[in-house]
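Q: Please see the structure below; I have some questions.
The values are calculated or read from the model by the stated rules, or taken from the named source; none is laboratory data. Owing to the predicted nature of the structure, the values given are computational and were not obtained by experimental measurement. Here the Cβ positions follow ideal geometry from the backbone for every residue, glycine too, while neighbour counts run over all protein chains shown.
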Amino acid sequence: MKDNQYIVDDLTLNEPWRLFQIMAEFVRGFEEMPETYPAVTIFGSAQITAESDVYQSTVTAARLLVENGFNVISGGGPGVMEAANLGATEAGGKSVGLHIELPNEQQPNEYANVRMSFKYFFIRKVMFIKYAVAYIIMPGGFGTLDELFEAVTLIQTERIRNFPVILVGSDYWGGLLSWIKDVMLKEKTISEADLDIFRIVDSPEEAVAIIKRRVII
């Protein structure tokens, strides 16, 4: 089969039974995740290594969050996710890893002390956002952008409360912000007020300070 071809699934075969698996994942999440509230979800690249500044900054951010009364949620995998769970565990907090089952096997990191595994991305996304009081976005790829813009969209459309969405690293995120201002804002596909939904900072200390000011626990 050519690379640009794919097989169309027959959606009539197993769809009704799939509902039970979806319900089971939601029920398990709704039973276990309330104990992790209030938490801050940290996103970022799975490719970041332990030697990188981003990894170390993520460890610091997670540690500071726990020291200030928050738990930490990550995607449960390597890179930034591992750093988030490491920092939270070392600080004695609930360190939640919400692992996703992928065709290319991604192993859960060893530092989460609360672990859940999901087959469906959309259920995992609900758990990320429902039990978080803020998002910290470290440098990352398409998955990180997906989580960022989903949160921004839900806040913009008032489907969720307006909580802090903080991007760490102006060198990394500055180009995106410039494009949003120079293209989206100029073309009036967003409003000036939409730019206030998220903030860009350059240190984990700044990120945690913003969360402390805006979130009462």
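Q: Given the conditions (1) surrounded by fewer than 24 Cβ atoms within 10 Å (Cβ to Cβ); (2) among the polar types (S, T, N, Q); (3) in contact (Cβ under 8 Å) with a residue 40 or more places away in the chain, report the number of the one that Thr49 does not fulfil.
A: Here Thr49 meets the rest and fails (3).
Q: Val114 versus (1) touching a residue at least 24 places away in the same chain (Cβ under 8 Å); (2) farther than 27 Å from Ile216 by Cβ; (3) not basic (Lys, Arg): which is the lone unmet condition?
A: The number of the failed condition is (2).
Q: A further question follows. Can you name the number of the only condition in (1) of a type in the set (Ser, Thr, Tyr); (2) part of a strand (DSSP E or B); (3) over 30 Å from Arg18 (Cβ atoms) that Thr189 fails?
A: Of the numbered conditions (1) of a type in the set (Ser, Thr, Tyr); (2) part of a strand (DSSP E or B); (3) over 30 Å from Arg18 (Cβ atoms), the odd one out for Thr189 is (2).
Q: Sticking with this structure for a sec: Could you say which residue among Met138, Met127, Met116 is in contact with a Lys or Arg (Cβ under 8 Å, 6 or more places away or on another chain) and surrounded by 14 or more Cβ atoms within 10 Å (Cβ to Cβ)? I'd like the intermediate steps shown before the answer.
A: Working: Met138 fails: in contact with a Lys or Arg (Cβ under 8 Å, 6 or more places away or on another chain); Met127 fails: in contact with a Lys or Arg (Cβ under 8 Å, 6 or more places away or on another chain).
The unique qualifying residue is Met116.
Q: Which condition number does Ile210 fail, the rest of (1) β-branched (Val, Ile, Thr); (2) in contact with a Lys or Arg (Cβ under 7 Å, 6 or more places away or on another chain); (3) without any contact (Cβ under 8 Å) to a residue 24 or more places away in the chain being met?
A: So Ile210 meets the others, but not (3).
Q: Check Tyr131, Tyr172, Tyr135 and return the single one that is over 12 Å from the mean Cα position of the chain (by Cα) and of a type in the set (Ser, Thr, Tyr).
A: When all the criteria are applied, what remains is Tyr172.
Q: For segment 145-152, state whether one or more residues are at pLDDT 95 or above, surrounded by fewer than 19 Cβ atoms within 10 Å (Cβ to Cβ) and within 23 Å of Gln56 (Cβ to Cβ).
A: yes
Q: I would also like to ask the following. Are any residues in segment 179-217 farther than 24 Å from Arg161 by Cβ and either of a type in the set (Lys, Arg) or in contact with a Gly (Cβ under 8 Å, 6 or more places away or on another chain) (or both), and if so, which ones?
A: Listed by number, the residues that qualify are Lys181, Lys186, Lys188, Asp202.
Q: Now for a different question. Take the residues in segment 20-34 that are in contact (Cβ under 8 Å) with a residue 60 or more places away in the chain and among the charged types (D, E, K, R); name whichever of them is surrounded by the most Cβ atoms within 10 Å (Cβ to Cβ). I'd like the intermediate steps shown before the answer.
A: First, pick out the residues of segment 20-34 that are in contact (Cβ under 8 Å) with a residue 60 or more places away in the chain: 21-22, 25-26, 28-29, 32-34.
Of the ones still in play, those that are also among the charged types (D, E, K, R) are 25, 28, 32.
On the way: Glu25: 20, Arg28: 15, Glu32: 15.
Of everything passing the filter in segment 20-34, Glu25 is surrounded by the most Cβ atoms within 10 Å (Cβ to Cβ).
Q: Still on this structure, I have one more. Report, ordered by the first and then the second residue, all pairs with beta carbons closer than 8 Å, sequence separation of six or more or different chains, a first member in segment 130-159 that is free of Cβ contacts under 8 Å to residues at least 40 places away in the same chain, and a second member that is basic (Lys, Arg) and part of a helix (DSSP H, G or I).
A: Hits for this filter: Glu150/Lys125.
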